[in-house]
Amino acid sequence: MTERKPPGVSFESFVDKQIREATERGDFKELAGFGKPLADDAAPYDELWWVKGKLHREGVSVLPPALALRKEAEDAVEEVAGARTEARVRQILTAVNEKIAAAIRMPPPGPPLNLRPFDVEAMVRDWRETHPG
């Protein structure tokens with residue numbers, strides 16, 4: 001905790017003294033970003049810079065529900081390609097198909113969904129052709 005500025009001491013010298021003492025104690029060495037360059041300040045000011053930074057650090061996606069489901073469907077196709085068993089392929093496609101069917105019944109806000117449930121049997125056949133054995 002900082003002490004009160006004594007009377008008769010200029011504010012600047014009082015602050016400088018506290019910074020110097022804290023530096024000597026090593027109080028600044030444990031701060032995040034110590035020894036790293038400052039962020040680029042050439043970008044235009046954004047009032048929500050800290051919110052965007054927090055979302056990025058937390059890995060939060062801020063897509064509208066329809067776009068998030070489209071992305072999930074794309075990811076499911078990639079996951080099917082890397083699946084090791086037919087049961088896993090069916091599990092992946094069934095899970096995403098349930099979400100797509102629910103979104104078709106009650107369209108989410110945002111852009112149009114433009115998705116149809118996957119044809120599980122056709123995709124399983126395609127998977128079998130690329131994964132013999």
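Figures for the structure shown
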| read-out | value |
| --- | --- |
| Boolean, Asp27 is open to solvent by 100 Å² or more (accessible area, probe 1.4 Å) and not in a helix (DSSP H, G or I) | no |
| Of all residues making up region 75-84, the number that are farther than 17 Å from Ser61 by Cβ and open to solvent by less than 40 Å² (accessible area, probe 1.4 Å) | 2 |
| Conditions (1) under 30 Å from Ile100 (Cβ atoms); (2) surrounded by 11 or more Cβ atoms within 10 Å (Cβ to Cβ); number of the one not met by Gly59 | (2) |
| Residues being over 25 Å from Pro64 (Cα atoms), touching a residue at least 24 places away in the same chain (Cβ under 8 Å) and open to solvent by 60 Å² or more (accessible area, probe 1.4 Å) - total across region 85-130 | 3 |
| Subset of region 32-55 (residues that are at pLDDT 85 or above, open to solvent by 80 Å² or more (accessible area, probe 1.4 Å) and hydrophobic (A, V, I, L, M, F, W, C)) | Leu48, Trp50 |
| Among (1) in a loop (DSSP other than H, G, I, E, B); (2) within 36 Å of the chain's Cα centre (by Cα) - the single one Pro7 does not satisfy | (2) |
| Lone qualifier among Ala95, Ala87, Ala101 - being assigned to a helix (DSSP H, G or I), of a type in the set (A, V, I, L, M, F, W, C), within 24 Å of the chain's Cα centre (by Cα) and at pLDDT 90 or above | Ala95 |
| Glu72, sole failed condition from (1) of a type in the set (D, E, K, R); (2) more than 30 Å from Thr94 (Cβ to Cβ); (3) open to solvent by less than 100 Å² (accessible area, probe 1.4 Å) | (2) |
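The values are calculated or read from the model by the stated rules, or taken from the named source; none is laboratory data. All of these numbers come straight from a predicted model, not from anything done at the bench. In this analysis, Cβ positions are derived from the backbone assuming ideal geometry, glycine residues included, and neighbour counts consider all displayed protein chains. Ligands, DNA and RNA are excluded from the accessible area calculation, which covers all protein heavy atoms including side chains. Shrake-Rupley method; radii C 1.70, N 1.55, O 1.52, S 1.80 Å.
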